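The values are calculated or read from the model by the stated rules, or taken from the named source; none is laboratory data. The model shown is predicted, which means the values in this text are computed figures rather than measured ones. For neighbour counting, all protein chains shown are included, and Cβ atoms are generated from backbone atoms with ideal geometry for every residue, glycine included.
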Amino acid sequence: MQAAPLSVAGKFKTDVTQALGLRGLLGAAIGSAIAQGTNTPGEWGQGADAYGQRFASSFGGYLSRQTFSFVLETALHEDPRYFPSTEHSKTARFWNVVKQTLITRTDSGRSTFAYATVISAFGAGQLVNTWQPKSTGHVSDGIERGFITLGLDATSNLFQEFVPRLRPRELGQKP
């Protein structure tokens, strides 16, 4: 599918929507609930205050990631949108989901490694270490958060591929 390149303002809107929209808020709420259930990090304890700390940490990670992503997408001329497959087989559509987790389009329409996606996932994962307790603030924890973020990106792509009503419409994409 051919789509007009996004302006810097369009990229900004996409990243703000990612951070402050359903994906960012619901993602932070679910991630915080899982962390609350597993008492991770244990130093934060239990109760409403602890859940609030976990939510703030998770949401801060989302905001950081989208900020990094916007700066890199703009500098590297990468398009942050997901482009649904034009194929009809479920296998081809699934591979489109996987591919677009690590491959992106440039503003000129070429395919390239998704530097902004990958660097922002791992960069934000490491930044979160700065406010995590020692038990969950190691480099390895940041790497784990980066891989989890890429997995969530793939999950978002999967929903956009197979549940058309979840695809953004305001950015010039056609289902």
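Miscellaneous remarks
- Ser32, sole failed condition from (1) among the polar types (S, T, N, Q); (2) more than 20 Å from Ile148 (Cα to Cα); (3) assigned to a helix (DSSP H, G or I): (2)
- Qualifying residues in segment 1-32 (those that are free of Cβ contacts under 8 Å to residues at least 40 places away in the same chain and among the small types (Gly, Ala, Ser)) - the one farthest from Thr74 (Cα to Cα): Ser32
- Test result for Glu73, within 23 Å of Gln160 (Cβ to Cβ), out of contact with any Phe, Trp or Tyr (no Cβ under 8 Å at 6 or more places or on another chain) and at pLDDT 95 or above: yes
Yes or no, residue by residue, for (1) at pLDDT below 95; (2) over 21 Å from Asp15 (Cβ atoms); (3) assigned to a helix (DSSP H, G or I):
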residue: Thr86; (1), (2), (3): yes, yes, no
residue: Phe94; (1), (2), (3): no, yes, yes
residue: Thr112; (1), (2), (3): no, no, no
residue: Gly123; (1), (2), (3): no, no, yes
residue: Gln126; (1), (2), (3): no, no, yes
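- Selection count where residues are farther than 30 Å from Tyr51 by Cα and part of a helix (DSSP H, G or I), scope segment 1-28: 4
- Leu158 meets the conditions (1) over 16 Å from Lys11 (Cβ atoms); (2) buried (at least 19 other Cβ atoms within 10 Å of the Cβ); (3) in contact with a helix residue (DSSP H, G or I) (Cβ under 6 Å, 6 or more places away or on another chain) in every case but one. The failed one is (2).
Here's the yes/no breakdown for (1) of a type in the set (D, E, K, R); (2) out of contact with any Phe, Trp or Tyr (no Cβ under 8 Å at 6 or more places or on another chain):
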{"site": "Phe59", "(1), (2)": "no, yes"}
{"site": "Arg105", "(1), (2)": "yes, no"}
{"site": "Thr117", "(1), (2)": "no, yes"}
{"site": "Phe122", "(1), (2)": "no, yes"}
{"site": "Trp131", "(1), (2)": "no, yes"}
{"site": "Gly142", "(1), (2)": "no, no"}
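- Considering Ala75, Ala50, Ala9, Ala4, the condition of being of a type in the set (Gly, Ala, Ser) and surrounded by 15 or more Cβ atoms within 10 Å (Cβ to Cβ) is satisfied by Ala50 alone.
- Against the numbered list (1) more than 13 Å from the chain's Cα centre (by Cα); (2) assigned to a helix (DSSP H, G or I); (3) among the aromatic types (Phe, Trp, Tyr), Trp131 comes up short only at (2).
- Taken residue by residue, segment 106-115 has no member that is among the β-branched types (Val, Ile, Thr) and crowded, with 16+ Cβ neighbours inside 10 Å.
- Residue in segment 34-46 that is more than 21 Å from Phe122 (Cβ to Cβ), touching a residue at least 24 places away in the same chain (Cβ under 8 Å) and of a type in the set (D, E, K, R) present: yes
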